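Asker: Dumping the structure here so I can ask a few things about it.
The values are calculated or read from the model by the stated rules, or taken from the named source; none is laboratory data. On a predicted model such as this, the values are computed, not experimentally measured, just so you know. Backbone-built Cβ (ideal geometry, glycine too); neighbour counts: all protein chains shown.
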Amino acid sequence: MNTTVAVAQMNCKLGDVQTNVRRIRDLARKIQRKEAHILCLPELVTTGYSLGQKWVDLAEPVPGPTTERLGKIATEFGFYLIAGMSERDLESNRIFNSAVLIEPEGQVIGVHRKVHLWDEERRYFTAGKEFRVFKSKVGTIGIGICYDLDFPESARILALSGAEIIFFPSAYMRPFENYADTYARSRATENGVFVCFSNRIGRESRLVFFGRSQIVSPGCRILARAQSLESFAMARLDLDSIQKQREKIPYLRHRVHAAYGALQLPLSYAS
């Protein structure tokens, strides 16, 4: 089975949801001409990143007004859409740094709430508690968000749960370019999955987002990388190659569970 995916890197107008959704549609129009099945957009792409209290003010329920607009884009261009946003849970009134998965018919079929919160995010967002996979017509999808990429447990859980493609919408900033490159390739190879990294560009106050959006194969090969600033990378993924790579280097099968008990221990140093 072959699936064509696109990872977009784009700038955002800070705090302006309507403008950002228009930019998403403009980018989606360019990608649709290439006939992608899935488009992944960066972390908090609907609001921008450096917002502080405004993350709370602009948070929306899922489904809600912004996911409805994004659903119309997915329907118009006929692909699955993954986009980061600030989500308000109506039952608890908690705020989450989330990524929604929207099907071509316009409905939200999955939500990932960022588990590993970075820096100022901890003041405003509640951490998610799980990594889930979502079935689609074009493959089984896993989602993490930015700092989730840094933790091998994130992708490992998704891979063991059946994910074939793991998407990481991100707002990775300088000077962590080498970190992102290394982690994307590592997560793909150690789990025998495709990893798709969609990153922000632009500057917000002291933060500079570096892009380098990329798609990595289970065999540790970069299949595509965005070359210019506001652009996208696209690749055709052979999902049948996942099993072939896992047979070639059976990392998952050769795990030694009995030796991993220390993973459950508390930290032995102050964090």
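Asker: Run residue 148 past the list (1) within 17 Å of residue 114 (Cβ to Cβ); (2) in contact with an Asp or Glu (Cβ under 9 Å, 6 or more places away or on another chain) and report the number of the one that doesn't hold.
Answerer: Residue 148 satisfies every listed condition except (2).
Asker: Being without any contact (Cβ under 8 Å) to a residue 40 or more places away in the chain, closer than 16 Å to residue 139 by Cα and touching a Gly at 6+ places or on another chain (Cβ under 9 Å) is the filter here, so list the residues in region 93-111 that pass it.
Answerer: 102, 103, 104
Asker: In region 42-52, which residues are surrounded by fewer than 19 Cβ atoms within 10 Å (Cβ to Cβ) and among the hydrophobic types (A, V, I, L, M, F, W, C)?
Answerer: The one that is surrounded by fewer than 19 Cβ atoms within 10 Å (Cβ to Cβ) and among the hydrophobic types (A, V, I, L, M, F, W, C): 51.
Asker: Let me ask something else about it. Could you tell me whether residue 129 is among the basic types (Lys, Arg), closer than 14 Å to residue 170 by Cβ and at pLDDT 95 or above?
Answerer: For residue 129, the condition - among the basic types (Lys, Arg), closer than 14 Å to residue 170 by Cβ and at pLDDT 95 or above - is not met.
Asker: Moving on to the next point. Can you tell me which residue in region 187-203 is nearest to residue 239 (Cα to Cα), limited to those that are in contact with a Cys (Cβ under 8 Å, 6 or more places away or on another chain) and surrounded by fewer than 24 Cβ atoms within 10 Å (Cβ to Cβ)?
Answerer: Filtering region 187-203 for residues in contact with a Cys (Cβ under 8 Å, 6 or more places away or on another chain) gives 188-189, 196, 198, 200, 202.
Remaining after also requiring surrounded by fewer than 24 Cβ atoms within 10 Å (Cβ to Cβ): 189, 202.
Working: 189: 14, 202: 33 Å.
Taking the candidates together, the pick is 189.
Asker: Let me ask something else. Return the residues of region 103-118 that are more than 13 Å from the chain's Cα centre (by Cα) and aliphatic (A, V, I, L, M); say none if nothing qualifies.
Answerer: Answer for region 103-118, where residues must be more than 13 Å from the chain's Cα centre (by Cα) and aliphatic (A, V, I, L, M): 108, 109, 117.
Asker: Let me ask something additional. I'd like the full set of residues that are touching a helix residue (DSSP H, G or I) at 6+ places or on another chain (Cβ under 7 Å), buried (at least 21 other Cβ atoms within 10 Å of the Cβ) and of a type in the set (A, V, I, L, M, F, W, C), limited to region 204-231.
Answerer: 216
Asker: Now a separate question. Filter region 58-86 down to the residues that are more than 11 Å from residue 38 (Cα to Cα), in contact (Cβ under 8 Å) with a residue 40 or more places away in the chain and in a helix (DSSP H, G or I) and list them by number.
Answerer: 66, 67, 69, 70, 73, 76
Asker: Of all residues in region 161-175, how many are touching a residue at least 12 places away in the same chain (Cβ under 8 Å) and either of a type in the set (S, T, N, Q) or more than 22 Å from residue 219 (Cβ to Cβ) (or both)? So that I can check it myself, show each step before the final result.
Answerer: Within region 161-175, the first condition is being touching a residue at least 12 places away in the same chain (Cβ under 8 Å), and the residues that meet it are 161-174.
From what is left, the residues that are either of a type in the set (S, T, N, Q) or more than 22 Å from residue 219 (Cβ to Cβ) (or both) are 161, 169-174.
Residues that pass the stated criteria total 7.
Asker: For residue 92, are the conditions met, namely being within 20 Å of residue 134 (Cα to Cα) and among the hydroxyl-bearing types (Ser, Thr, Tyr)?
Answerer: Values: within 20 Å of residue 134 (Cα to Cα): no; among the hydroxyl-bearing types (Ser, Thr, Tyr): yes.
When the stated conditions are applied, residue 92 does not pass them.
Asker: What pairs come out if I take residues in region 135-146 that are surrounded by fewer than 20 Cβ atoms within 10 Å (Cβ to Cβ) and pair them with residues that are at pLDDT 95 or above and not hydrophobic (A, V, I, L, M, F, W, C) whose C-beta lies under 8 Å away, six or more apart or interchain?
Answerer: Sorted first by the residue in region 135-146, then by its partner, the pairs are 136/80; 136/103; 140/162; 140/164.
Asker: If I filter region 10-41 down to residues being assigned to a loop (DSSP other than H, G, I, E, B) and surrounded by fewer than 15 Cβ atoms within 10 Å (Cβ to Cβ), which single residue comes out as modelled with the highest pLDDT?
Answerer: 13
Asker: Also: Being assigned to a strand (DSSP E or B) and under 15 Å from residue 167 (Cα atoms) is the filter here, so list the residues in region 215-235 that pass it. Step through it out loud before you land on a result.
Answerer: So in region 215-235, the residues assigned to a strand (DSSP E or B) come out as 215-216, 222-225, 231-235.
Across region 215-235, the qualifying residues are 215, 216, 222, 223, 224, 225, 232, 233, 234, 235.
Asker: Please identify the pairs in which a residue from region 1-18 that is closer than 15 Å to residue 80 by Cβ has its Cβ atom under 8 Å from the Cβ atom of a residue that is of a type in the set (Ser, Thr, Tyr) and surrounded by fewer than 21 Cβ atoms within 10 Å (Cβ to Cβ), counting only partners at least 6 apart or on another chain.
Answerer: From region 1-18, the pairs are 8/231.
Asker: Restricting the search to region 232-263, which residues are in contact with a strand residue (DSSP E or B) (Cβ under 8 Å, 6 or more places away or on another chain) and surrounded by fewer than 17 Cβ atoms within 10 Å (Cβ to Cβ)? Let's see the steps before the verdict.
Answerer: First, pick out the residues of region 232-263 that are in contact with a strand residue (DSSP E or B) (Cβ under 8 Å, 6 or more places away or on another chain): 232-239, 242.
Those that are in contact with a strand residue (DSSP E or B) (Cβ under 8 Å, 6 or more places away or on another chain) and surrounded by fewer than 17 Cβ atoms within 10 Å (Cβ to Cβ): 236, 238.
Asker: Which ones in region 147-186 are farther than 17 Å from residue 214 by Cβ, surrounded by fewer than 17 Cβ atoms within 10 Å (Cβ to Cβ) and not polar (S, T, N, Q)?
Answerer: Within region 147-186, 151, 152, 153, 160, 162, 175 meet the criteria.
Asker: Taking the stated definitions as given, is residue 217 touching a residue at least 12 places away in the same chain (Cβ under 8 Å), among the hydroxyl-bearing types (Ser, Thr, Tyr) and within 18 Å of residue 38 (Cα to Cα)? Spell out how you get there, then give the answer.
Answerer: Details: touching a residue at least 12 places away in the same chain (Cβ under 8 Å): yes; among the hydroxyl-bearing types (Ser, Thr, Tyr): yes; within 18 Å of residue 38 (Cα to Cα): yes.
The answer is yes for residue 217.
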